[in-house]
Amino acid sequence: MKSNKKINYIVKTTECKKNNKNLFIAAILAIFLGIIGIHRFYLNRKVSGFTFLMISIFSLNFGSGNLATLIVFISIIEGMVYLFKGIFSFKNKTKNKENMNKKNINTPEMKKIEYSDKDIVKIKEEKIKMGKKEDVNDLEIIDISNIKTKSIPKENDFLNIFKTNWIKILTIPYERSIMKVTQVKEETLKLYEKLCIFLDKELKNNKSSLNKEIKRIESEVLYYDNILYTIYCISEGHVTKVYSGTYDYYDPEYSYKILNEHLGENLKDKLFIKAQEFEKDISPPNRDTLDQFNLTENGLSRKWWDNDGQLRSSRKFSSDELNILNATPARTTIVWDIYGVKEQIITLYLEIWQVISNGLNKNIKWKNKNILKDIVDGKYIYFDDYNNGKILSSLIKIAENTIREFLPGTQILNINNQQNNIKKYLPEEIVDDINTKKIEYTEHINDEKLIEILNCMIEKDPSDWKLKVERILIDETDKRIRFLIDYKEDENFIKIAKEIIKKSDDENLLLLCLYEIEKGQKLSQKNAKVLKNIIHNNNISIYEDIIKSKEELSLELFNRLEELKNPIRKKIELDMGKVELSKKELNKTVEIVKEYIDDEASKEGTKENNLKQETVETKCDDKLEFKHMNFLKLLLDIEFMKIEEAKKIAMENDNLLNAFISDVNQELYEYIQDQTVIIEDDIIKIDDFYVDMVKELILNEQ
């Protein structure tokens, strides 16, 4: 029968002890005389020793000596192995002796007294005699009143006596810098202890224990693997993964390999599953941990698409969605800093990907199906996007531009290249479905959602007064006034008011805006006419009195101004005595009136002629004449003019450029009440805010 006993090349410590061989002697022989195999003969491995000897002789006598050099190299390595084994064995012996000495110190020595047979017989006879003569008074009385009672230990208490303190016996040869964070250290030790208890229980079910395995590994392994430290490293990997979201700080894969080597794959897999279960028990990060791992306030890792974690806390993302977003290259445009806009872009982007994911299951001819599946499954790295047609970059930019298109005051992107990319990369049916999805999505963005987005945009850029105009105009009629009043302290309130006058036909808004403008400056002719159309003629004087008071905007003021839209009835208290006197004088008055009836009739005709003449004159006055009409028309046509061209026109008008621009603005000031033509970035143009007004004035003159 063949023996199943496995013979290792390296001699184990236990075999050396059994054969009464010294590891240090074996190490020295291997290092200095290994070329002739002396150490192998010493360790009772005669076959390998003879083989070493013959190879060396043959190599030195008949060969180039390469084999002998190899034998020397192997022997030196083998010698180092025995040397380290001897050191570890010596340390263990020293520890055992120290433990034995401690036990001997704590154990009192028993005195041995030898008695002869005769002495023993005499002692027995004396005890019998003493027993007969015993008296109660001769008994020794023991006081038990001061003895303290103790409860009988329970079964669990007995078990705890022998329970291993895994943290106490842990030796940590090397500590990573992340362990300087107190919470990380504490949570790692907690998880380490739980995993040790779990492993010990599993091993005991197989008639072993963690302590037994530690001793076995210590005696058998060449370089002693600290298995407890391995479990500690595994715990560190899971704790840092929970706080950072990945294994960036320590990947326990290597530690799991060591565990697999010593305890088997089955136990390693069980420990991994248990460690993942214990991850949910790890405490939420405190301030130091948040700072160390650069986490958001809600304990989430920072992502370019959700740097503050607000989006992930308000919406639950599926694993596929997170895979797609994490693989998508970052966008750094300003709209990504506005929460409401970012939320809409990401929502649309993920809905576009839902279209793609659904299409992957259809019977469609795909060019890059595997790459798209890898993106959804989380097997795709974002920097690979540049080698794969920039599909992710194209889709996210298209989603962003779709949202930009309905946002006021937001620049539209050029996405021609991106549209061409997805046409090359995706099937035609999927591209059509994506375009349909974009249209459907924007149609479902209601005013309420747009208000939410505008609020976010205003919060991000409070100086953008045009956004505030849009915010006021988009809201419900009864809320507009309140929002307008809320902006009364805004440094750009006059611009807000003028823009509202241009865009709105809400009389209430117009009334407040005109009032606030007129408080500080004279209204233009156009705005004065608008005001007269709102306020009743009989109430003009009341309105002027309010203007003189320069009262600040408020709901109370608005209510008073709103009353001026309709005639105000005045209460008159009559004095009846005076009424009687009036009646007596009435007859006299009637006679006087009759005398002048003819004169009044003739005067009426004269007044009508005068009124017609005044109307004609007014119409003539309404026709405006501008000295620099051609210059303004040119600016309106070309939108802006270079300074050099403007200088030529100024010279043609016998003037310098600045003086010429000043004349133009002075001519327009009566109607616009502001500087209209401006010099900006080496060009001359009409201020965007007043372009429409200048057009209206020019058309009026024509």
Selection over region 465-495 where residues are basic (Lys, Arg), over 31 Å from the mean Cα position of the chain (by Cα) and surrounded by 18 or more Cβ atoms within 10 Å (Cβ to Cβ) yields a count of 1
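Residues are listed down the side, and each one gets a yes or a no for (1) modelled with pLDDT of 90 or more; (2) surrounded by 11 or more Cβ atoms within 10 Å (Cβ to Cβ); (3) in contact with a strand residue (DSSP E or B) (Cβ under 7 Å, 6 or more places away or on another chain):
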position	(1), (2), (3)
Asp143	no, no, no
Asn146	no, no, no
Lys168	yes, no, no
Ser177	yes, no, no
Lys180	yes, yes, no
Lys185	yes, yes, no
Glu193	yes, yes, no
Take region 514-547 and flag every residue that is hydroxyl-bearing (Ser, Thr, Tyr) and surrounded by 13 or more Cβ atoms within 10 Å (Cβ to Cβ).
-> Tyr515, Ser524, Tyr543
Subset tally (residues that are basic (Lys, Arg), closer than 30 Å to Val530 by Cα and modelled with pLDDT of 80 or more) for region 620-672 = 1
Quick one: how many residues across region 367-392 are buried (at least 19 other Cβ atoms within 10 Å of the Cβ) and hydroxyl-bearing (Ser, Thr, Tyr)?
-> 1
Within region 386-395, is even one residue over 30 Å from Phe483 (Cα atoms) and more than 28 Å from the chain's Cα centre (by Cα)?
-> no
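So which helices (runs of 4 or more DSSP H) stay within region 1-95 end to end and still have 1 or more residues that are out of contact with any helix residue (DSSP H, G or I) (no Cβ under 7 Å at 6 or more places or on another chain) and either at pLDDT 85 or above or within 24 Å of Ile217 (Cβ to Cβ) (or both)? Lay out the reasoning, then the answer.
Details: elements: 13-18, 23-33, 38-42, 46-62.
Filter on region 1-95 gives 13-18, 23-33, 46-62.
Conditions tested, residue by residue: (1) surrounded by fewer than 21 Cβ atoms within 10 Å (Cβ to Cβ); (2) more than 21 Å from the chain's Cα centre (by Cα); (3) not in a helix (DSSP H, G or I).
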| residue | (1), (2), (3) |
| --- | --- |
| Gln344 | no, no, no |
| Gln354 | yes, yes, no |
| Lys365 | yes, yes, yes |
| Ala399 | no, no, no |
| Gln411 | yes, yes, yes |
Only one of these conditions is not met by Ala275: (1) in contact with a Leu (Cβ under 7 Å, 6 or more places away or on another chain); (2) under 20 Å from Thr182 (Cβ atoms). Which number is it?
-> (2)
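In region 648-662, which residues are part of a helix (DSSP H, G or I) and surrounded by 14 or more Cβ atoms within 10 Å (Cβ to Cβ)? Explain how you work it out, then say what you get.
Step one: of region 648-662, the residues part of a helix (DSSP H, G or I) are 648-652, 657-662.
Within region 648-662, Ile649, Ala650, Leu657, Phe660, Ile661, Ser662 qualify.
Go over the candidates Gln419, Gln344 one by one and state the one that is closer than 20 Å to Leu325 by Cβ and of a type outside the set (Gly, Ala, Ser). Full working, then the answer.
Working: Gln419 fails: closer than 20 Å to Leu325 by Cβ.
Result of the check over Gln419, Gln344: Gln344.
Look through Thr296, Thr328 and report the one residue that is of a type in the set (Val, Ile, Thr) and touching a Phe, Trp or Tyr at 6+ places or on another chain (Cβ under 8 Å). Can you show your working first?
On the way: Thr296 fails: touching a Phe, Trp or Tyr at 6+ places or on another chain (Cβ under 8 Å).
Every option except Thr328 fails the conditions.
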Of (1) polar (S, T, N, Q); (2) closer than 18 Å to Ile496 by Cα; (3) in a helix (DSSP H, G or I), Gln666 fails just (2)
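Where residues in region 429-488 are among the hydroxyl-bearing types (Ser, Thr, Tyr) and within 29 Å of Leu557 (Cα to Cα), which of them is modelled with the lowest pLDDT?
From region 429-488, those among the hydroxyl-bearing types (Ser, Thr, Tyr) are 436, 441-442, 463, 477, 487; that's our starting set.
With within 29 Å of Leu557 (Cα to Cα) added as a condition, the list becomes 463, 477, 487.
Numbers: Ser463: 87, Thr477: 77, Tyr487: 87.
Across region 429-488, the extreme among qualifying residues is Thr477.
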Those residues that are free of Cβ contacts under 8 Å to residues at least 12 places away in the same chain and either closer than 14 Å to Ile234 by Cα or among the polar types (S, T, N, Q) (or both), I need them from region 265-313; list them, please.
-> Asn266, Asp269, Ile273, Glu277, Asn294, Asn307
So is Asp433 more than 30 Å from Trp465 (Cα to Cα), in contact (Cβ under 8 Å) with a residue 60 or more places away in the chain and assigned to a helix (DSSP H, G or I) or not?
-> yes
Looking at region 391-404, which of the residues that are without any contact (Cβ under 8 Å) to a residue 40 or more places away in the chain and in contact with a helix residue (DSSP H, G or I) (Cβ under 7 Å, 6 or more places away or on another chain) is farthest from Ile356 (Cα to Cα)?
-> Ser394
Among (1) surrounded by 17 or more Cβ atoms within 10 Å (Cβ to Cβ); (2) in a helix (DSSP H, G or I) - the single one Pro285 does not satisfy = (2)
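Does His262 satisfy the condition of being in a helix (DSSP H, G or I), under 15 Å from Ile178 (Cα atoms) and in contact (Cβ under 8 Å) with a residue 12 or more places away in the chain? Talk me through it step by step, then tell me what you get.
Values: in a helix (DSSP H, G or I): yes; under 15 Å from Ile178 (Cα atoms): no; in contact (Cβ under 8 Å) with a residue 12 or more places away in the chain: yes.
When the stated conditions are applied, His262 does not pass them.
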For region 348-370 the number of residues that are out of contact with any helix residue (DSSP H, G or I) (no Cβ under 8 Å at 6 or more places or on another chain) and more than 30 Å from Ile445 (Cβ to Cβ) is 3
Pairs under 6 Å by beta carbon, first residue of a type in the set (Phe, Trp, Tyr) in region 471-483, partner at pLDDT 85 or above, six or more apart or different chains?
-> Phe483/Ile472
Give the residue, chosen from Lys194, Lys201, that is in contact with a Phe, Trp or Tyr (Cβ under 7 Å, 6 or more places away or on another chain) and among the charged types (D, E, K, R).
-> Lys194
Matching residues in region 680-695 - criterion: being under 20 Å from Lys495 (Cα atoms) and surrounded by fewer than 14 Cβ atoms within 10 Å (Cβ to Cβ) | Glu680, Asp688, Asp692
Mind checking whether some residue in region 512-528 is assigned to a helix (DSSP H, G or I) and over 52 Å from the mean Cα position of the chain (by Cα)?
-> yes
Within region 316-330, how many residues are charged (D, E, K, R) and surrounded by fewer than 17 Cβ atoms within 10 Å (Cβ to Cβ)?
-> 2
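The values are calculated or read from the model by the stated rules, or taken from the named source; none is laboratory data. Every value quoted in this text rests on a predicted model; they were computed, and no experiment measured them. Glycine also receives a Cβ, built like all others from the backbone with ideal geometry; neighbour counts cover every protein chain displayed.
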